[in-house]
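The values are calculated or read from the model by the stated rules, or taken from the named source; none is laboratory data. Quantities reported herein were computed from a predicted structural model and do not represent experimental measurements. Reconstructed Cβ throughout: ideal geometry from the backbone, glycine too, with neighbour counts over all protein chains shown. The protein model used for the area step is the full one, side chains on, heavy atoms only, and it has no ligands, DNA or RNA in it. Shrake-Rupley method; radii C 1.70, N 1.55, O 1.52, S 1.80 Å.
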Amino acid sequence: MRTPKHVLRPERLRRVPEQFSWVDQALVQQGLIDRLQPRAAALYLFLVTVADAQGLSYYGHATLARRLQLTEPELITVRAELIALDLIAYQAPLYQVLSLEGGAP
């Protein structure tokens, strides 16, 4: 049975940016992309792609690791990197891609 979806960080609900792309240009403009390891960038892109309108998705460890060709420990490491950069929130099994507005500089 699936866990009911609920927004993890309502104050950081993502919105379509003015340039009309779910991958917000602020990712580049704020220099966040420069701080990401390639594997973390791949996880971020995957989550942005599969998330619903509120930025939520349920992909499990094994599925994400397989799809991104990572080991489960590598997945945990890159997920922690995205959390530290305030790009995502995670509460097993739920991911939320966060708005870049109001995030960590």
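Figures for the structure shown
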{"read-out": "In segment 32-41, the residues that are farther than 16 Å from Leu70 by Cα and exposed (fewer than 11 other Cβ atoms within 10 Å of the Cβ)", "value": "Asp34"}
{"read-out": "Candidate set: segment 1-31, residues that are open to solvent by 60 Å² or more (accessible area, probe 1.4 Å) and among the charged types (D, E, K, R); chosen: the one modelled with the lowest pLDDT", "value": "Glu18"}
{"read-out": "Number of the exception - Thr71 against (1) closer than 24 Å to Asp24 by Cβ; (2) out of contact with any helix residue (DSSP H, G or I) (no Cβ under 6 Å at 6 or more places or on another chain); (3) modelled with pLDDT of 95 or more", "value": "(1)"}
{"read-out": "All positions within segment 48-105 that are open to solvent by less than 50 Å² (accessible area, probe 1.4 Å), at negative phi and in a loop (DSSP other than H, G, I, E, B)", "value": "Ala51, Asp52, Tyr58, Gly60, Leu70, Leu85, Leu87, Pro93, Ser99, Leu100, Gly103, Ala104"}
{"read-out": "Residue within segment 51-60 that is under 9 Å from the mean Cα position of the chain (by Cα) and closer than 12 Å to Arg79 by Cβ present", "value": "no"}
{"read-out": "Complete set of residues in segment 92-105 that are at pLDDT below 95 and not aliphatic (A, V, I, L, M)", "value": "Pro93, Ser99, Glu101, Gly102, Gly103, Pro105"}
